[in-house]
Amino acid sequence: MQYVSTRGRAPIARFSDILLSGLASDGGLYVPEAYPRVTATELDTWRSLSYPELASAVIQKFVDDIGAQELATLTSAIYTAARFGNARGDSNAADITPLRWLEPGLALLELSNGPTLAFKDLAMQLLGGLFERTLAERGEHLNVVGATSGDTGSAAEYAMRGRPSINVFMLSPKGRMSAFQRAQMYSLDDANIFNIEVDGVFDQCQDIVKAIAADLEFKQRYRIGSVNSINWGRVVAQVVYYFKGYLAATQSSEQTVSFAVPSGNFGNILSGWVAKQMGLPIARLVLATNENDVLDEFFRSGRYRVRSHGETHITSSPSMDIAKASNFERFIFDIIDRDPELLREFWWELDTRGEFHLGGTPIWPIVGASGLVSGRSTHTDRVRTIRTTYERHGIVVDPHTADGIKVALEHIDRDVPMICLETALPAKFSETIIEAIGAAPERPSAYAGLEARAQRFEPMDADSERIKSFIAQHAVGS
C-alpha cells in the first residue's frame, strides 16, 4: 500500500511515513494509490468481530509496514471498555460504539464514550499509540501542531499527554468554543501540552498550521507532525465505525444503509466516502452543516466558495464553525478521476479568487452520482431537534448531532436505514441544552467543576511567524 499526494508532486510514501508527516511536501493531502476493496463474503465474516478486531481488520487494508499481529495488539489495547465506557457508564460499554434505534429506520451511532466525550477520541487514541510505536521504532521525536474548533484539540491532547517523545502545540480561536471545550483543553498541566489561543477564527488557525507545514525547512528541523484530519491516520481510524454501524444495523451484506454526518472540515464524512469506495453498501451520505454552509452550497449548486473570516458565524454548534474544509480536497481528487493537474487548477482558483464552480461542467453529474447529499441547520432548528428528540425518545443529543438528525430526516428513505453519527456528549454544550429542554445535561463525575479549574494557555495574534518562534522555543528535541 503506497500513498500519493492529491497535488501530484510529492514522493510516493508508505503509511508510517505519512503518519508522521501530515501534509505532503507539495501542499497536497496523501491518499492511497487505490482504495482497498472488501468483498461481500469478507464483510459477512466481520459480523462476529469485536470492535478492536474489526479495527485491526479494516486498518490492515491500508497498512503494510506494521505487522498484522502488532496492529491487532495495539487496537486491543486502545479500544477497551475501560477507555471507552466510562462516559455513560453503559452496560454495553464493551461495544465501544453502540447503535441505538430511535425508531424504525432511524438510528444513532454512539461515538462519544471516549475520554473527552467526543467522536474524535476513536481516532486520536489510536493515533497516539501509532505515533509512539513508530517514533520508538525510529528513535525519533515529534512536535504535533494542530488547530481546533472545539473537540479535536482536547481529543489530541488527551491522547498525546505525557508521551516523552511528543510535544503538542494546539491552536484554538479565542472565544469560539464552549466553556467546557475550552476548560477541557486549557486545564491540562502536562509539560508536553501547549495551548495557543489565537485572536481570530478557526480558519485562521488552520491556515497557520498549513503555513507551518508548508515551510519544509522548519517542518524538517523541528519534526512537525499533524493530528488534524489532514493526517490520513485519522481518516483511516474513522472508517472503522462506518463498518461497525453498518454491521450493527443489518443482517446481510445485501442490505444498504445511509449515514447522516454533521460536517465542518469534511473529515468525518470523508471516512464514510472511503468506506463506500471500499465496497461498504452505503446508499447515501447525508452531510449536515450549520449556518456556516460552505459545503451545503457546494452540494446544492456546485459552487465551492470560501467565506471570509468576517462571514464566519459564531454558532451553537461551534465545532462546525468552519469556512474552508481541508478534507474536501481528497473528495474532489476522487471525483475528477484523480487528476492532480486539474486539482491544482481548482485550488489555484480557490486561492486566488476564493471559489471554484463545478455546476454546469461535465464533473457536476459525477458529484450528483456520488451519493452525497446535504442540508443546513440553524440554531432554531437544532434547539427544536434537541427538544423533540428528548420528548420522543428520552435521549439528549448535543447541538452538532442535532444538526445531523435534522438534515437526516429531510433525506430519509424508510426502506433504507438511516444512521446518524453522534459527535459529542451534550455535557459539553450545557447552555444550548438548557435552552432546549430546560435542564442541564448529565455530566460524567470526572468533569465535575471543570470550568473552575486553573487554565494554562498562551494568547497570541494570528501571526504564523510569532507562533513558529514559540514552537521553536518549546519543541521537543530542539
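The values are calculated or read from the model by the stated rules, or taken from the named source; none is laboratory data. In this text the structure is predicted, and so the values were computed from the model without any measurement. As a convention, Cβ positions derive from the backbone with ideal geometry for all residues, glycine included, and neighbour counts pool all protein chains shown.
Quick notes on this one:
- Residue match in the stretch 44-64 (condition: touching a residue at least 40 places away in the same chain (Cβ under 8 Å) and more than 25 Å from Gly279 (Cα to Cα)): no
- Considering residues of the stretch 284-332 that are of a type in the set (Lys, Arg) and within 13 Å of Glu355 (Cβ to Cβ) only, the residue surrounded by the fewest Cβ atoms within 10 Å (Cβ to Cβ): Arg303
- Filter result for Arg338 (modelled with pLDDT of 95 or more and on the phi > 0 side of the Ramachandran plot): yes
- Top-ranked residue of the stretch 1-48 - restricted to ones that are more than 30 Å from Ile212 (Cβ to Cβ), part of a loop (DSSP other than H, G, I, E, B) and among the β-branched types (Val, Ile, Thr), ranked as modelled with the lowest pLDDT: Thr39
- The test for being assigned to a loop (DSSP other than H, G, I, E, B), closer than 26 Å to Phe180 by Cβ and out of contact with any helix residue (DSSP H, G or I) (no Cβ under 7 Å at 6 or more places or on another chain) holds for Ala439.
- Selection from the stretch 49-75 of residues that are over 18 Å from Ala123 (Cβ atoms), among the charged types (D, E, K, R) and in a helix (DSSP H, G or I): Glu70
- The set of residues in the stretch 76-85 that are assigned to a helix (DSSP H, G or I) and aromatic (Phe, Trp, Tyr) contains only Phe84.
- Strands (runs of 3 or more DSSP E) completely within the stretch 228-316 that count 1 or more residues being aromatic (Phe, Trp, Tyr): 257-262, 303-305
- Output for the stretch 195-224, where each listed residue is buried (at least 24 other Cβ atoms within 10 Å of the Cβ) and part of a strand (DSSP E or B): Ile224
- On inspection, Arg376 passes the criterion of being touching a strand residue (DSSP E or B) at 6+ places or on another chain (Cβ under 8 Å) and either aliphatic (A, V, I, L, M) or at pLDDT 95 or above (or both).
- Scan the stretch 459-478 for residues that are touching a residue at least 12 places away in the same chain (Cβ under 8 Å) and more than 22 Å from Arg182 (Cβ to Cβ) and the total you get is 7.
- The stretch 339-360 residues that are under 22 Å from Ala323 (Cβ atoms) and of a type in the set (Gly, Ala, Ser), paired with ones that are modelled with pLDDT of 95 or more and part of a helix (DSSP H, G or I) (beta carbon under 8 Å, 6 or more apart): Gly359/Ser301
- Cβ pairs under 6 Å, 6+ apart, first in the stretch 162-183 and closer than 14 Å to Glu431 by Cβ, second acidic (Asp, Glu) and part of a helix (DSSP H, G or I): Ala179/Glu451; Ala183/Glu451
- In the stretch 288-311, the residues that are within 17 Å of Pro399 (Cβ to Cβ) reach residues that are assigned to a helix (DSSP H, G or I) and at pLDDT below 95 with C-beta atoms within less than 6 angstrom, at least six apart or across chains, in these pairs: Asn290/Met320.
- The set of residues in the stretch 344-377 being surrounded by 13 or more Cβ atoms within 10 Å (Cβ to Cβ) and of a type in the set (Lys, Arg) consists of Arg344, Arg376.
- Number of positions in the stretch 139-183 that are over 18 Å from Gly233 (Cα atoms), part of a helix (DSSP H, G or I) and not small (Gly, Ala, Ser): 3
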